[in-house]
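Below: the structure, in structure tokens.
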Amino acid sequence: MQKADTPPAANRAVIAMNFKMYFDHRQAVAWCEAARDIITDLGTLRDGHADFVVFPSFPSIPAVLDIFAGTGVHVGAQNMSSFASGAYTGEVSAVSLAQLGCTYIEIGHAERRNLFGETEEDIRNKMSLAYENGLTPLLCVGEPEPTSPNLAAQQCIEFIERAVGGVAASEARPAVIAYEPQWAIGAAQAADLGYIKEVSTRLSGWLESHEKLSGSSVIYGGSAGPGLYTELDGKVSGVFLGRRAHDPEALRTVLEETAQLKRD
């Protein structure tokens, strides 16, 4: 199993894939087997062009870890408990995920907040538990409604500040910040390119000088798919894929464009 203490590499793109609950277990296994063959064929991860992280549902994590063993692919969980342990029926702890071999944890997705009532206190606790257990947080941020890039960036920055408020500077490591405008999640297309570039640039600049988060990567999600990473012209460090990559061949396209951008 992979070590659960490997932060994202600053010189590589971060490509992530969130299954949400679209795939059942058999579909998740089939997708991952196809993705493994694509990754092996392309050599994009082996050549150091990108880190790839996949987020399956809880029951599929052990099988997905086995499928990607030795490939350099990171496996993460879509959620975890905000409690370390205890009488919390149905919850899954950070320590269990790390013991399985997960290296990433998705925290603060808008669907968790809007549909399931996840609070900012929950998110703070999860960030602390992630670092304590060697899991790299993929923290989802994004404004709820379209606004100016400046205001959107400020809302994201304030959210991130609150999310890491309980993390000691001595424990923090680089994270992945997934910028996902909430109004673009599940939309027909991604947000305007200029808008994404400006918000992401502001976030990256702020993160670089942050005591706890310097070296963190900013990737874009929210109806992201093949071609978008190229169109964003280096203003983000990768993309967070969802339904537009349900066909594994979409992953091939994204990894090919990632390799080309890194070579250029």
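In this structure, Leu207 does not satisfy being surrounded by 17 or more Cβ atoms within 10 Å (Cβ to Cβ), farther than 21 Å from Glu231 by Cα, in contact with a strand residue (DSSP E or B) (Cβ under 8 Å, 6 or more places away or on another chain) and in contact (Cβ under 8 Å) with a residue 60 or more places away in the chain. Selection over the range 87-108 of residues that are out of contact with any Lys or Arg (no Cβ under 9 Å at 6 or more places or on another chain) and either more than 29 Å from Gly72 (Cα to Cα) or of a type outside the set (Ser, Thr, Tyr) (or both) gives a count of 12. Among residues of the range 212-228 being surrounded by fewer than 17 Cβ atoms within 10 Å (Cβ to Cβ) and within 17 Å of Arg173 (Cα to Cα), the one that is farthest from the chain's Cα centre (by Cα) is Ser214. In the range 121-134, the condition of being crowded, with 17+ Cβ neighbours inside 10 Å, assigned to a loop (DSSP other than H, G, I, E, B) and not basic (Lys, Arg) is met by at least one residue.
Scan (1) within 18 Å of Ile105 (Cβ to Cβ); (2) of a type in the set (Gly, Ala, Ser); (3) crowded, with 17+ Cβ neighbours inside 10 Å for the single condition Gly165 breaks and write down its number. Here Gly165 meets the rest and fails (3). Taken over the range 229-253, the criterion of being under 18 Å from Val176 (Cα atoms), crowded, with 17+ Cβ neighbours inside 10 Å, touching a helix residue (DSSP H, G or I) at 6+ places or on another chain (Cβ under 9 Å) and not aromatic (Phe, Trp, Tyr) is satisfied by Leu232, Lys235, Val236, Ser237, Gly238, Val239, Leu241.
In the range 103-122, the qualifying residues are those that are of a type outside the set (D, E, K, R) and over 15 Å from the mean Cα position of the chain (by Cα), and the one that is nearest to Ser85 (Cα to Cα) is Thr119.
Counting only helices (runs of 4 or more DSSP H) wholly contained in the range 154-264, the ones carrying 3 or more residues that are under 30 Å from Ala34 (Cβ atoms) and touching a Pro at 6+ places or on another chain (Cβ under 8 Å) occupy 248-263. Consider the range 14-40 and keep the residues that are touching a helix residue (DSSP H, G or I) at 6+ places or on another chain (Cβ under 8 Å), among the charged types (D, E, K, R) and farther than 23 Å from Ser217 by Cα. The one that is surrounded by the fewest Cβ atoms within 10 Å (Cβ to Cβ) is Glu33. Within the range 86-107, residues that are within 25 Å of Phe68 (Cβ to Cβ) have Cβ atoms under 6 Å from residues that are of a type in the set (S, T, N, Q) and modelled with pLDDT under 95 in these pairs: Gly101/Gln2; Thr103/Gln2; Thr103/Thr6, counting only partners at least 6 apart in sequence or on another chain.
Scanning the range 185-211 for residues that are closer than 27 Å to Met21 by Cα and within 16 Å of the chain's Cα centre (by Cα) yields a total of 1.
The values are calculated or read from the model by the stated rules, or taken from the named source; none is laboratory data. From a predicted model like this one, the values you see are computed outputs, not experimental measurements. Glycine also receives a Cβ, built like all others from the backbone with ideal geometry; neighbour counts cover every protein chain displayed.
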